[in-house]
Every structure is written in C-alpha cells, then in structure tokens.
1. Working out 0.36 nm times the residue gap between residue 54 and residue 142, then minus their Cα-Cα distance, what length gain in nm do you get to one decimal?
2. Arrange the peptides 86-93, 118-125 so that the one whose residues have, on average, the most other Cβ atoms within 10 Å appears first.
3. Using the beta-carbon distance between residue 149 and residue 124 and R0 = 30 Å, what value does 1/(1 + (r/R0)^6) give for FRET efficiency, to the nearest 0.05?
4. In segment 94-108, whose amide N lies under 18 Å from the spot 7 Å out along Cα-to-Cβ of residue 131? List them in ranges.
5. Between residue 157 and residue 65, what is 0.36 nm times their sequence separation minus the Cα-Cα distance? Round to one decimal in nm.
6. Treating segment 57-162 as a set of equal point scatterers at the Cα positions, no solvent, please give the Debye-formula log₁₀ I(q)/I(0) at q = 0.11, 0.12, 0.13, 0.23 Å⁻¹.
C-alpha cells in the first residue's frame, strides 16, 4: 500500500509538473505571460530633438552616428556648423580643418568651404565649429532648389547629410516637422 501511495504521489506530481511546465517556460497551448518590456529596440531615453543645442536645424550624419547643427544668419551672411554627437546634445571636436557644403545654383553644382573655427572648449588641433562668411552660401541656403548637402570626414569616415530648407514653413518632403 505504501508503494502504491508513493506511485500515486509521483504520478500526480509528474502530472502537475507536466501540466504547469517549468517556471519561465511558456506553453504554446496557453496564453503567454508578458515579461519585462524589451529595451534593445526601445526608444525610451533616445530622443529625436528637433533642434540642436544652439537652436539650429539638425542634419543626420550616417545612421545617427553623428549630427550637425546648422546656424544660418541672414543678416550677417554667415553659416555656422557644429558637429554633434549621436544624441545631438554635445559638440564633437574633429580633426578636419574645413568641411564642405554642396549646393545647386541655377542648375549648376557649387561647393563652399567652412573653415574650422575652434570653440573655446575644443582641444588643440580639433574643432567642433566650422564657419563660412560667404554671403553667397547664406543666400543659396534660402533657395528652394539648392538641395544643400553637408560633406565632412570624422575619424577617417566620410559623411554626407541633407540640409533641410526650413524657415518655419512646412514642406511635404521633410521627415521631421518643427513644432
């Protein structure tokens, strides 16, 4: 009788374990319980700012490896570019002595150099700020068909980024709206 009781107890225990499954495993026959949310693909803590720290327009470089911030002063006729980190929150000094902006004017391509103008916190031999005092570039950035594109190299890798023409009016072909 004792061995029959033990056999029944083992059978019931085995049945219960088989029915419930091991902790942490899910059965394909029943509903799955949700664990903690996945964080690998989550956008929590990953902001997509609409402007840079100097309140300029942002240009994505690479797959958000870096950003550039464009400040365009029509009155002074200057264009300033800041190289920023992937979150577009901090300046990144690079070794380049100049960067380029390519534009189209009257259907013809033109290139404009922006000279390295190190910010006060940039280490010697590097710059996170690049400036053009060419009024023609400042004017071209306002032209609808200019298709301006930033071209620069960071740590030996070339980057290109489209500079959006956005002066507080919407265009249907832009990915990021200003709010």
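We did not get these values from a lab; they are worked out from the coordinates using the rules stated. Source: prediction; values computed, not measured. Here the Cβ is made from the backbone with ideal geometry for all residues, glycine too, and neighbour counts use every protein chain on show.
1. Result: 29.7 nm gained on full extension.
2. 86-93, 118-125
3. Working: r = 30 Å, r/R0 = 0.99.
The pair residue 149/residue 124 has a calculated efficiency of 0.50.
4. 94, 96-101
5. This chain segment gains 32.0 nm when fully extended.
6. Cα-only, vacuum Debye calculation for segment 57-162: -0.31, -0.36, -0.43, -1.29.
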